[in-house]
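Scroll down for the structure; my scribbles are underneath it.
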């Protein structure tokens, strides 16, 4: 009996010795390591750039953690706490308001020379209630590309519709203008704008106009009826209500005009499309264009950095690497997105298409204000409203004016609730 | 001949229609994988150009360690399949064969916990594993052992419930005979029950294997490191970018990933059906 | 002798395993306790005691079998459920996410604002002769230079300084610069030190060689638990719902807030908030219809195929191999490709039938599509189950019935089906439960749509409870995790009651004692 007990205790002790090495051995992260979370494309590229030159912040080690996808990064950051969270996260501008409200993002003060590298709009994109939370990294926008084998450069939206209706059967066109990138809200915003509507109206001084009517229902409805609908009140096929299949159809040459995203211009260039044919969506009159969103993704400081004791290091990394022209050029030469950094935009090593999208954004760009677009409590977000509008009008045959008025009412609620948050 | 027409023709007709239903989407996956643009919308059923670009990419791009992902998936899903059945079978045995107080309540609990909307408890799992990481970094959030533990926990309810159903149908006379011979419950379990239930156990582990092999919602939070990702996480990365989606490599990768599963299924088909049969010998 | 030896080996093996597991648990208990994770520590202790009692004594034989399974179930399934239940009692949403102490810390640091001109200085970080942190600050545009510590500021005469190419001073009398690694080691101190500037303003370091001019606008008084805005003299008090609110203006809140207990408010909201309430009922009905139809169609087709193949037939092996393919394909891929197939303009289905159906824009068609896709995904499972079960039904039974003159339909209804149902009914219940919460198919196929967004609908026509809850919990901008948790709990109670009722009626659990 005593022997048995002894056996148990002995086994226990031996096992304890063996196991302690595995489970409780701390995984030492050096105390001065700055952890940066990024998605599946930016992450590996940042790793590459940091590996090439790692001393952006002397005294600290930089560790880039690339997630398997943007969605995964978003989910992880949504759940992260100081225990395992990052010091800097590279994400989209619409994370700023949520991150700030939830106490996950920390304010950043950039040096005046770094601030001078960015446009006020881009810095505004990463701000919430007037406080900046990060450094702009790359610009994301959409632009219209026309197929020069089918048609010439259009002057107005009306010309485009005329071309489509005239050549529909001869050229076997599946649509006139479709959205290949950015979806039916963000990507299609410039179409709504070309028709005379917008989620909010900017004043000349660059602030949101609280009194202007965002979607003048009668005007927008009349334009839709004239351009997008047939005599029977249903879509004339010019503008499909969904974005599925647009890219394939455009590449196959059965759609003359498509709105494409700057993140996949290479697919179009490889298929033989000339990037000089990029332009904003034409409006109703010559020289008028529908404004598209140009949003930035950025490197944002988290509140975890202070708790990890690398707050100063993380801020230095934002200033020295993410915010500097040298850092932006080194990074964008690998990442190949249009840089937000003004000096990097002019750098000779940045490609023509990267610059081309930047130019389209400059001609007809609209600041993207998450506080309004995400929708007030009890209202609807722009992201849900515009796709629903296209479906109702183009597919379900609902009256354009009623639908436009309904959307307008939601937009007004969102503007009223959003303005105090800016 | 007449008998064939009367009895078999409708069978063939029905099966052919069902096969068409089954194969049509799969054919489209192949079309998508073989098209150079890789789109989910098909403009013609006969491809104009066939390109192996997407397959080529999977095995040559240094950014896509496809074979490593495959290995990780097999290891993790394999471990979950084996361990969850080892642990689950014992529980199922006790719920099926032994008498104890609260058994019925326990069984109801097993069924009910599976009905909780798991999407929301995901955040809770994250919080728990983050805390575990805090004191035991090797088995907490972001580690493969940690993911394994969570999977085992998640598989338990379903597996015990499934196994119990199958175990119920093994003739009780067999282990009663053993009991008469003086065998303890533990002996009955190992000497009588396990050999008899082997086919069922194999089937349930196969089901666990498939379930784990396809899981990505948890895995993408745990397996951040490029070389520790599973195939489901890796494939997901093609289509969950901030803006861009790469359907071509995704389709190609899915086809290759399903090959081992299809192979296991086909080679074990007889065994699977007999396993399920054993599970339903009743009365 | 041999038997004795075997027994000895297995008993030893058992002790080794128990000892190993106990050792691991002990270690974890110790380290979790040391890291103040008391809840986990307590759970592990209970687990350890249970393991010791179960396997070292003969306290309960059944427990020896089910304890490991139960421990896992409690840790990773029941635990998270309890956490969700707890969260449903909190005001837990975007803006009210962290704990109150965290929130206070962040309001304090957020209350430090840059001055209106956003003045920044180039600085060198170092120490004064007394080894106190000191900065050498340069304002190259205005040619102003000074030294500053936490307590005092000393202006320097530019004439006596070495100025570099950027117009920055690099050395000053009595000032010793810190090396980068010394700075890194003092990161926390550098971040929290307020270097003197003027009575209203101070300087904080913003990384490496940048510092900026700041003022503290919000002050926290822990004795009264209030914040005061130094500039406007507004007083902010805990409003009991997770925010500091201006006592004069309810809408003026400090951010971030924290998650505060509001007990049953999330539940009462389900009944009182007309928007939420009106959406819940149709969603609930569709969820039941969806789960029932799914199980029914999957089972029916599975059974039909199993019966068709339950006899010698040419090409039986090939048919079988093809028919189980949907089960072996990754389901994400399958669902997404189906999504592409249902596309109106470019989809294969409209293409095949020459139709122009707007599948995902019409509630009826979208629901039909969901059921069709789920049928595709799930019928092979029931085919496998049913063919197993059919083979097990003794052929004599139906042969005897046939001799007695029963028609094949009668045989099916009176003999085959009842026997089959007895076997598969637990699986039907489990499948119903699975589909009740089948998030993936809805989310990936239709996203819950079509939704009458412009008409004010908050849920789509194909939204089932779980996808609707997901929208509330994780939609952009306004994530209401507390409300979503409450809905989950309600869903759980409803589905649990239905299932328990179903189980009682079908006597699934009674068939074996």
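Taken together, the values in this text are just the output of simple stated rules run on the coordinates, not laboratory data. Since this is a predicted model, take the numbers as computed values, not measurements. Reconstructed Cβ throughout: ideal geometry from the backbone, glycine too, with neighbour counts over all protein chains shown.
Take B:235-243, C:300-308 and order them by the average number of nearby Cβ atoms within 10 Å per residue, most first; the result is B:235-243, C:300-308. Report the FRET efficiency, 1/(1 + (r/R0)^6), for residue A:159 and residue A:202, where r is their Cβ-Cβ distance and R0 is 25 Å, rounded to 0.05. It comes to 0.40. Stokes-Einstein, applied to the Kirkwood radius of segment B:1-95 over Cα pairs at a viscosity of 1.306 mPa s and 10 °C, places its translational diffusion at 87 µm² s⁻¹. Legend: mean number of C-beta atoms from other chains within 10 angstrom of residue C-beta atoms, peptide C:453-466, equals 4.
Could you check the simple spin-label distance between residue C:235 and residue A:274, using points 7 Å along Cα→Cβ, in nm with one decimal? Going from the residue C:235 label point to the residue A:274 one covers 7.2 nm.
Dividing the summed helix terms, -39500 (n - 2.57) for each DSSP H run of n ≥ 4, by the number of residues in chain A produces a 222 nm estimate of -11500 deg cm²/dmol to the nearest 500.
DSSP bridge analysis restricted to chain C gives an antiparallel fraction near 95%, rounded to the nearest 5. Between the Cα long axis of helix C:331-341 and the first principal axis of chain C there is an angle of about 90°, rounded to the nearest 10. Per-residue ellipticity at 222 nm from helix content only, as computed over chain C with -39500 (n - 2.57) for each DSSP H run of at least four residues, stands at -17000 deg cm²/dmol. Note on C:57-66: average number of Cβ atoms from other chains within 10 Å of each residue's Cβ is 6.
When peptides B:15-25, C:322-332 are ranked by their average number of other Cβ atoms within 10 Å per residue, the highest-first order is C:322-332, B:15-25.
Taking only Cα atoms, what is the 0 to 90° angle, nearest 10, from helix C:38-56's long axis to the longest principal axis of chain C? Taking Cα atoms only, the helix is inclined about 40 degrees. Checking the a/c ratio against 1.5 first, then a/b against b/c, what shape does the Cα gyration tensor give for the protein assembly as shown? Here the protein assembly as shown falls in the oblate category. Legend: mean number of C-beta atoms from other chains within 10 angstrom of residue C-beta atoms, peptide A:264-277, equals 1.
As a length-normalised measure over Cα pairs under 8 Å and 6 or more apart, the relative contact order of segment B:83-210 settles at 36 percent. Seen through its C-alpha gyration tensor, with square-root eigenvalues sorted a ≥ b ≥ c, segment C:115-208 comes out rounded because a/c lies under 1.5. Over chain B, DSSP H runs of length four or greater, each weighted -39,500 (n - 2.57), average out per residue to a 222 nm ellipticity of -23000 deg cm²/dmol.
With neighbours defined as other Cβ atoms within 10 Å of a residue's Cβ, the residues C:217, C:488 order from fewest to most as C:217, C:488. Extent of segment C:359-406 along its three principal axes (Cα atoms, max minus min coordinate, largest first): 55, 23, 8 Å.
Going from the residue with the fewest nearby Cβ atoms within 10 Å to the one with the most, C:259, B:99 rank B:99, C:259. Ranked by the mean number of other Cβ atoms within 10 Å of their residues, highest first, the peptides C:417-425, B:113-121 come out as B:113-121, C:417-425.
Largest GNM mean-square fluctuation across B:198, B:13, B:185, computed for chain B with C-alpha springs under 10 Å, falls on B:13. Working from Cα pairs under 8 Å separated by at least six residues, relative contact order for chain C is 14 percent.
With neighbour counts taken as other beta-carbon atoms within 10 Å, the residues B:129, A:184, C:63 rank, fewest first, as C:63, A:184, B:129. Taking the C-alpha atoms only, the angle from helix A:217-227 to the longest principal axis of chain A is near 70 degrees. For chain A, the relative contact order is 25 percent, taking Cα pairs closer than 8 Å that sit 6 or more residues apart in sequence and dividing their mean separation by the residue count.
Once you sort the root eigenvalues of the Cα gyration tensor of segment A:241-377 as a ≥ b ≥ c, which label holds: rounded (a/c under 1.5), prolate (a/b larger than b/c) or oblate (the other case)? The shape class here is prolate.
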